[in-house]
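Undergrad: Shown below is the structure under consideration.
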Amino acid sequence: MEEKIKISRRKKILQIILGVFLVVILFCGIFYYFIFIPREQEKEAERARESKEAWIQSTLHNNPEAIQNFFADDIQNGTNDQHTKADAYWIVHRYSDTRGNVYEIYDYIQSRPHLAFIQAEADLIYPDVFEGIRNRTVEVGTDYTRYAYLAYIEVLKNHGYIDIAGLGTASNQYAKTAYFNTVILSEMAQDDKTALAVSKYISRDIEKSIQFADYAKDDVVRIMNGELTDKDLPARDILVGLNQYAAALRYRQSVGADYSSPKTADEVFDFATEYARNNVPQLVYFTGILNASTLVILNPEDPQKIKEALYPFLNFTKKKDEISDGSILHYIIDARFQDRKAIDIYSKRNVARLASRVHAFRLWLIGYGWTEEDFR
């Protein structure tokens with residue numbers, strides 16, 4: 001009898017323990033799903049908002065301080081998420097925002113001792129370039145500064161601090177440089193002593209462009225298939241990565257470099273154009289001018305497609321004094337004051353070439369001060 005009582009007590013104790021255990025599990029589940037997860041989601045949303053605001057301040061208001069601090073803090077704290085990668089890209093993108101002032105990036109890295117590894121490894125990629133930068137003898141906006149910019153992207157990529165925006169940009173910058181140097185080479189005298197060196201740079205840059213395209217192409221496919229979205233990385237980085245990847249395809253094609261891409265440049269730009277309208281309206285002008293400028297290289301006799309690429313400009317009707325200094329609209333309109341020798345996408349030479357193919361764009365430029373003399 002006593003044995004039965006003991007067994008009964010044990011069962012009750014076990015039932016109580018099991019009940020307490022289940023209550024604890026239930027409580028933990030409730031805490032996790034209704035408190036912990038919402039808190040984490042709130043933290044993530046706040047981090048995303050801060051990162052986007054820092055991007056806006058850097059890109060649209062020429063104030064990179066917040067984005068620089070965020071990235072430096074992440075490295076110091078051992079954080080590496082989608083926002084770390086985005087911040088890293090837009091810090092080095094300051095090269096483009098400042099029209100080639102790589103010294104801003106160099107000085108930023110020098111001011112943060114825990115970022116010294118970036119400079120140390122970049123030095124190994126292009127030692128001659130960085131020797132000139134250390135001595136402050138490299139002119140802003142030259143190929144030398146562009147190679148420094150690309151070295152920084154490569155180091156960040158090697159350490160896992162870059163996303164498709166950086167990969168696509170590196171592919172495009174190398175391809176674009178190869179194209180520009182091909183144009184320059186075609187205008188050189190046959191006996192010019194620098195021609196051989198330029199030819200060597202072209203071959204190297206095409207190889208590097210293909211290398212970064214290989215890194216980026218799987219993400220391009222995943223984005224266009226809806227498998228990689230703005231839940232995985234910021235929409236602005238998705239758009240830039242697509243634009244740059246597509247432009248690189250066209251630049252490489254223009255110099256006869258074969259490349260097997262799972263998506264054509266037209267397919268990627270069509271997707272990117274729609275994506276910009278719906279998700280990153282701040283970059284519709286960038287998307288349009290890059291699309292049009294690379295189209296005109298390959299298909300100069302197809303004005304309709306070039307016109308479609310230029311739609312953001314043709315639809316812009318605000319007064320010139322309402323246009324922000326340093327904006328793409330400002331660069332395009334004021335390109336008429338440039339030397340005709342420049343050949344980048346914001347150059348007078350390129351803008352005039354687009355206007356010669358699309359009459360509506362020519363009229364738009366005239367409406368903002370261009371004269372017939374500017375187009376010659």
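Undergrad: Restricting attention to the stretch 104-120, which residues are over 16 Å from residue 155 (Cα atoms) and under 19 Å from the mean Cα position of the chain (by Cα)?
TA: 104 - this is the single residue of the stretch 104-120 that is over 16 Å from residue 155 (Cα atoms) and under 19 Å from the mean Cα position of the chain (by Cα).
Undergrad: Only one of 156, 150, 60 is over 25 Å from residue 178 (Cβ atoms) and either assigned to a helix (DSSP H, G or I) or assigned by TED's automatic domain parsing to the domain that holds residue 222 (or both). Can you tell me which?
TA: On the way: 156 fails: over 25 Å from residue 178 (Cβ atoms); 150 fails: over 25 Å from residue 178 (Cβ atoms).
After ruling out the rest, the residue left standing is 60.
Undergrad: Pick from 108, 161, 126, 152: which is touching a residue at least 24 places away in the same chain (Cβ under 8 Å) and in contact with a Ser or Thr (Cβ under 8 Å, 6 or more places away or on another chain)?
TA: On the way: 108 fails: in contact with a Ser or Thr (Cβ under 8 Å, 6 or more places away or on another chain); 126 fails: in contact with a Ser or Thr (Cβ under 8 Å, 6 or more places away or on another chain); 152 fails: in contact with a Ser or Thr (Cβ under 8 Å, 6 or more places away or on another chain).
The match here is 161.
Undergrad: Restricting the search to the stretch 264-276, which residues are more than 13 Å from residue 238 (Cα to Cα) and surrounded by fewer than 20 Cβ atoms within 10 Å (Cβ to Cβ)? Spell out how you get there, then give the answer.
TA: Going through the stretch 264-276, the residues more than 13 Å from residue 238 (Cα to Cα) turn out to be 264-267, 270.
264, 266, 267, 270, listed by residue number.
Undergrad: List the pairs whose first member sits in the stretch 178-193 and is under 14 Å from residue 143 (Cα atoms), whose second member is of a type outside the set (Phe, Trp, Tyr) and at pLDDT below 80, and whose Cβ atoms are under 8 Å apart, counting only residues at least 6 apart or on separate chains?
TA: Here the result reads 181/198; 184/198, each pair linking the stretch 178-193 to a residue that is of a type outside the set (Phe, Trp, Tyr) and at pLDDT below 80.
Undergrad: Would the stretch 253-275 turn up any residue that is outside the structural domain of residue 92 (by TED's automatic domain parsing) and closer than 19 Å to residue 52 by Cα?
TA: yes
Undergrad: Moving on to the next point. How about the stretch 355-376: which of its residues are among the hydrophobic types (A, V, I, L, M, F, W, C), part of a helix (DSSP H, G or I) and out of contact with any Leu (no Cβ under 7 Å at 6 or more places or on another chain)?
TA: Of everything in the stretch 355-376, those that are among the hydrophobic types (A, V, I, L, M, F, W, C), part of a helix (DSSP H, G or I) and out of contact with any Leu (no Cβ under 7 Å at 6 or more places or on another chain) turn out to be 363, 365, 366, 375.
Undergrad: If you don't mind, another one. From the set of residues in the stretch 235-259 that are touching a Phe, Trp or Tyr at 6+ places or on another chain (Cβ under 8 Å), under 12 Å from residue 165 (Cβ atoms) and not hydrophobic (A, V, I, L, M, F, W, C), which is surrounded by the most Cβ atoms within 10 Å (Cβ to Cβ)?
TA: Only one residue fits best here, namely 243.
Undergrad: Mind checking whether some residue in the stretch 316-329 is in the same structural domain as residue 371 (by TED's automatic domain parsing), within 21 Å of the chain's Cα centre (by Cα), surrounded by 14 or more Cβ atoms within 10 Å (Cβ to Cβ) and modelled with pLDDT of 90 or more?
TA: Yes: one or more hits.
Residues are listed down the side, and each one gets a yes or a no for (1) assigned to a loop (DSSP other than H, G, I, E, B); (2) over 27 Å from residue 331 (Cα atoms); (3) of a type in the set (Lys, Arg); (4) touching a Cys at 6+ places or on another chain (Cβ under 6 Å):
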{"site": "215", "(1), (2), (3), (4)": "no, yes, no, no"}
{"site": "236", "(1), (2), (3), (4)": "no, no, yes, no"}
{"site": "240", "(1), (2), (3), (4)": "no, no, no, no"}
{"site": "273", "(1), (2), (3), (4)": "no, no, no, no"}
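Undergrad: Next question. At least 2 residues that are basic (Lys, Arg) in each: list the helices (runs of 4 or more DSSP H) lying fully within the stretch 79-147 that qualify. Before the answer, list the steps.
TA: On the way: elements: 82-92, 94-97, 102-110, 116-125, 127-134.
It comes to none.
Undergrad: Sticking with this structure for a sec: So which of 137, 142 ends up being among the hydroxyl-bearing types (Ser, Thr, Tyr) and in contact with a Gly (Cβ under 9 Å, 6 or more places away or on another chain)? Steps first, answer last, please.
TA: Details: 137 fails: in contact with a Gly (Cβ under 9 Å, 6 or more places away or on another chain).
From the options 137, 142, the qualifying one is 142.
Undergrad: Another question about this same structure. Would it be correct to say that residue 76 is in a helix (DSSP H, G or I) and modelled with pLDDT of 95 or more? Give the steps one after another, and end with the answer.
TA: Values: in a helix (DSSP H, G or I): yes; modelled with pLDDT of 95 or more: yes.
Yes, satisfied.
Undergrad: Identify, from the list 227, 207, the residue that is modelled with pLDDT of 95 or more, surrounded by fewer than 16 Cβ atoms within 10 Å (Cβ to Cβ) and outside any loop (DSSP other than H, G, I, E, B). Quick ask: steps written out before the conclusion?
TA: Values: 227 fails: outside any loop (DSSP other than H, G, I, E, B).
It is 207.
The values are calculated or read from the model by the stated rules, or taken from the named source; none is laboratory data. What you are looking at is a predicted structure, and each value in this text was computed from that prediction instead of being measured. A quick note on method: Cβ atoms are made from the backbone with ideal geometry, for glycine too, and the neighbour counts reach across all protein chains shown.
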